[in-house]
Amino acid sequence: MLAIDAQDVEKTFRSGWPRRRETAALRGVSLTVARGAIVGVLGPNGAGKTTLLSILATLLTPDRGRVTVLGHDVVREAGALRRRLNMVSGRPSFLWSLRVGEIIAFYGRLYGVSGNALRRRVDSLIELCELVPYRRIPYSDLSTGLKQRVALAKALVNEPELLFLDEPTLGLDPDVAARVRTHIARLRREQGITIVLTTHYMREADELCDEIAFIKAGRILARGTSGELKRQIRLGEVIALKLDPARVPWLAESPGVLRCVEVDGWVECTVDEAENRLPELLRALHAKGIVIRNVQVREPELEEVFVELAK
Amino acid sequence: MSWRNELLAVWAVTLRNALMGARNVFFFFELLFWPIVGVLSIGLMSRFLELTAAQASFVLVGTIALSVVNVCQLEVAYAVLLDVWSKSLKHQFLAPIGIRHLTLGSWIVGMVRSLAVFVLLAALGRWAFGFRVLQPGWLPLATFLLGCFLTAWVVGVAVCALITLFGNRAEAFAWASVNLVLVLAGIYYPISVLPDAIAVVARAVPLTYFLDAYRAHYGFESEFRAPIATGLALSALYAALAHWAFLAAIQRARRTGLLLKMSE
Ligand SMILES: Nc1ncnc2c1ncn2[C@@H]1O[C@H](COP(=O)(O)OP(=O)(O)OP(=O)(O)O)[C@@H](O)[C@H]1O
Ligand SMILES: [Mg+2]
């Protein structure tokens with residue numbers, strides 16, 4: 001069952017007067033997301049991530065393409081769809097003098113929640129997002145992290161089936177960011193909410209997302225699990241060695257070694273397959289009487305995939 | 001959408017505007033300062049010019065009407081302005097509500113506020129200049145206020161439409177253009193004194209007719225045959241047009257991305 005089915009979505013922004021500027025933000029994006037999945041949309045600045053999420057969330061109408069979200073057409077059935085989804089964006093902002101509890105209640109009423117049900121909903125969200133001590137504080141007096149949590153609470157007020165998170169941990173300290181990630185993972189686990197998120201933190205994408213779509217200049221370049229992307233890009237794996245003597249020029253010429261670099265006294269060899277190449281390398285080094293003081297094997301980071309794709 | 005949800009969404013906006021109004025001292029200042037200055041200066045000027053009691057009533061009715069309309073339309077415009085200022089516009093349009101909830105909810109707060117201003121100005125007029133708002137009776141007064149509120153609704157929604165059409169930089173332009181039309185409505189003079197071309201515009205403003213009907217009770221002969229019916233009909237027409245314009249502006253903002261731009 002698909003939560004999102006977008007086909008060939010195009011969007012061009014026209015702005016400026018009297019001289020028109022055109023920005024093709026999306027140039028034929030197709031994306032499907034299964035119910036209950038967490039999908040990350042990654043890509044460089046200006047790639048079209050926010051534009052894509054906004055179209056899926058009915059805030060922006062596509063120029064071309066067919067977009068069905070939760071079974072509703074995003075243009076023709078936007079009203080029915082809006083009840084069932086919600087969104088958080090990186091730099092949240094709400095009415096400055098409303099208090100935390102009032103903000104959540106205001107949006108709750110817009111979604112048709114009232115009376116005792118509203119009170120209970122607001123209470124539980126304030127608890128969930130760890131806002132209990134701040135309930136009566138005006139929004140403008142909150143720190144960035146607290147504002148972000150208010151945004152998350154607001155986004156859950158209609159018990160959405162689908163949640164869009166546009167850089168949900170932007171500007172948060174590592175501790176708070178980690179807790180937001182835990183919340184996000186829990187939302188999917190416990191409530192089965194489908195989540196589409198964008199982020200510039202690769203760890204976050206790696207940790208949270210079942211699948212990642214990589215978007216650049218308005219096109220989706222690659223799509224898959226983080227492992228699949230790493231293999232697809234053929235980045236290989238890295239075998240890092242601490243050797244004595246430190247420099248071993250012939251290592252780069254060994255079979256299966258793609259490249260070798262020296263970093264802080266380590267020789268980092270990128271190889272096609274660590275499992276096969278590691279014993280060969282060790283045997284060869286040993287045969288030449290080179291002392292091996294330390295060995296580490298690691299997968300490439302998602303960050304390296306990102307840098308490679310963004311080139 | 002069910003009736004319950006309709007009312008709830010309107011109530012949400014009403015409550016929001018009321019809370020914002022109560023917490024922002026400058027809004028309060030705005031609410032009282034200019035109306036009081038207006039009534040005092042017009043009242044004193046009419047004393048200096050030695051106007052008759054009826055003539056003084058004529059101009060005081062005008063200045064009070066202008067204040068009531070201004071306070072009320074400002075609040076209606078807050079339907080989007082508050083969110084434009086706080087960059088939270090997209091959250092509202094992500095929710096399953098329509099512009100009617102926003103404008104009606106703000107209008108309710110606007111009516112309460114401008115009613116309070118009206119009572120204050122009426123008391124001030126009575127105390128300082130012996131002007132009696134209730135001289136025409138309750139029903140004409142209520143009709144007159146309704147006329148002011150309807151005009152304010154139209155003006156406020158038009159401002160909302162202009163802002164969502166041109167972005168927040170258009171704020172000043174939006175106020176100026178609608179206020180220009182208001183001032184033409186014969187606030188301080190009967191429209192018979194206006195040049196023909198401008199009188200045509202004044203005749204198209206609903207407030208003109210409500211002022212005319214109310215002033216008839218102070219001894220000024222009505223310039224129109226059925227002022228109240230005409231005023232109501234015009235208000236209904238403009239209300240529909242303004243609503244449609246705002247709706248179209250929002251749809252356009254969703255297409256051009258202005259809705260997002262105004263939220264970041
Ligand atoms: N409302 C808008 N009006 C005009 N142009 C826009 C608008 N929103 C986005 N753009 C343009 O569309 C392109 C895609 O922008 P978008 O915000 O989707 O990028 P993004 O991937 O979210 O980038 P970032 O990582 O910086 O958030 C950019 O070139 C941007 O300048
Ligand atoms: Mg973005």
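Just so you know, all these numbers are worked out from the coordinates, no wet-lab data involved. Everything quoted here is computed from the prediction, not taken from an experiment. Backbone-built Cβ (ideal geometry, glycine too); neighbour counts: all protein chains shown.
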Item to check | Those residues of region B:120-142 whose amide nitrogen sits under 11 Å from the label point placed on B:Ala53, 7 Å along Cα→Cβ | outcome: B:130-132
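May I ask what percent, to the nearest 5, of DSSP beta bridges between residues of the protein assembly as shown are antiparallel?
Expressed as a percentage, antiparallel bridges in the protein assembly as shown total about 70.
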Next on the checklist: What whole-number distance in Å separates the alpha-carbon centres of region B:228-252 and region A:91-113?
Outcome noted: 29 Å
Next on the checklist: For Cα pairs less than 8 Å apart in space and 6+ apart in sequence, what is the mean separation divided by the residue count of region A:163-311, i.e. the relative contact order in percent?
Outcome noted: 22 percent
Checklist entry - Summing Lys, Arg as +1 and Asp, Glu as -1, what charge do residues with Cβ under 14 Å from the Cβ of B:Pro35 carry, B:Pro35 excluded? => result -1
Checklist entry - Using the alpha-carbon centroid of each, what span in Å lies between region A:1-79 and region B:121-139? => result 59 Å
Item to check | Alpha-carbon Rg/Rh ratio, for the protein assembly as shown, with Rh computed the Kirkwood way | outcome: 1.15
Next on the checklist: Multiplying the sequence separation of A:Ala24 and A:Glu207 by 0.36 nm and subtracting their Cα-Cα distance, what value in nm do you get?
Outcome noted: 62.8 nm
Checklist entry - List the lysines whose alpha-carbon lies under 22 Å from that of B:Lys87, not counting same-chain residues fewer than 8 positions away? => result A:Lys49, A:Lys147, A:Lys154, B:Lys261
Checklist outcome for this item: Only helices counted: for the protein assembly as shown, with every DSSP H run of 4 or more residues adding -39500 (n - 2.57) and the sum spread over all residues, [θ] at 222 nm is -18000 deg cm²/dmol
Checklist outcome for this item: For chain B the mean separation of alpha carbon contacts under 8 Å (6+ apart) over residue count, i.e. relative contact order in percent, is 24 percent
Checklist entry - Across bins of 5 angstrom width beginning at 0, how are the C-alpha pair distances of region A:236-301 distributed, in whole percent? => result 4, 19, 34, 30, 12, 2, 0
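How large is the direction-averaged shadow of the alpha-carbon convex hull of region B:3-261, in nm²?
Values: hull surface 57.4 nm².
The directionally averaged projection comes out at 14.4 nm².
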Next on the checklist: Taking the Cα centroid of region B:21-72 and of region A:145-166, what is the distance between the two, rounded to the nearest whole Å?
Outcome noted: 46 Å
Checklist entry - Tell me, what HN-Hα J-couplings in whole Hz come from the Karplus equation 6.51 cos²θ - 1.76 cosθ + 1.60 at θ = phi - 60° for each residue of region A:254-267, using x for Gly and Pro? => result 5, x, x, 8, 7, 7, 9, 9, 9, 9, 6, x, 9, 9
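Out of every Cα pair in region A:188-311, what percent are spaced more than 26 Å from each other?
On the way: 2776 of 7626 pairs.
It works out to 36 percent of all Cα pairs.
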Checklist entry - If you plug each phi of region B:90-96 into the Karplus form 6.51 cos²θ - 1.76 cosθ + 1.60 with θ = phi - 60°, what whole-Hz ³J(HN,Hα) values come out, in order, with x for Gly and Pro? => result 5, 4, 5, 8, 8, 7, x
Item to check | Backbone HN-Hα couplings from phi across region A:14-31 [Karplus 6.51/-1.76/1.60, Hz, Gly and Pro as x] | outcome: 10, 9, x, 8, x, 8, 6, 10, 10, 10, 7, 7, 10, 10, x, 9, 10, 8
Checklist outcome for this item: The farthest towards the positive end of the charge dipole of the protein assembly as shown, of the residues B:Val10, B:Ile191, B:Ser235, given +1 on Cβ of Lys and Arg and -1 on Cβ of Asp and Glu, is B:Ile191
Checklist entry - Among A:Ile292, A:Asn158, A:Ser254, which residue has its Cα positioned farthest towards the positive end of the charge dipole of region A:157-311, with +1 placed on the Cβ of Lys and Arg, -1 on the Cβ of Asp and Glu, and the dipole taken about the Cα centre? => result A:Ser254
Checklist entry - How much of the DSSP beta bridge set in chain A is antiparallel, as a percent to the nearest 5? => result 70 percent
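Out of every Cα pair in region B:34-105, what percent are spaced more than 18 Å from each other? Please list the in-between numbers first.
Numbers: 1407 of 2556 pairs.
So the portion of pairs separated by more than 18 Å is 55 percent.
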Item to check | For chain B, built as a Gaussian network whose Cα springs stay under 10 Å, the top-fluctuating residue of B:Gly125, B:Gly219, B:Gly62 | outcome: B:Gly219
Checklist entry - Relative contact order of chain A: what whole-number percent is it, with Cα pairs under 8 angstrom and at least 6 residues apart? => result 19 percent
Checklist entry - Out of residues 5 or more away from A:Leu258 or on other chains, whose amide H comes under 5 Å of its own, with H placed 1.01 Å from N in the peptide plane? => result A:Thr270, A:Val271, A:Asp272
Next on the checklist: Need one number: convex hull volume per residue for region A:127-206, Cα atoms only, in Å³.
Outcome noted: 96 Å³
Next on the checklist: For a quick check: with amide H placed at 1.01 Å from N, whose amide H comes under 5 Å from A:Leu221's, ignoring anything fewer than 5 positions away on the same chain?
Outcome noted: A:Phe214, A:Ile215, A:Lys216
Checklist outcome for this item: The long-range amide H neighbours of A:Glu211, using H built 1.01 Å from N in the peptide plane and a cut-off of under 5 Å, are A:Ile38, A:Gly40
Checklist entry - Rounded to two decimals, what is Rg over Rh for chain A when you use alpha-carbon atoms and the Kirkwood radius? => result 1.09
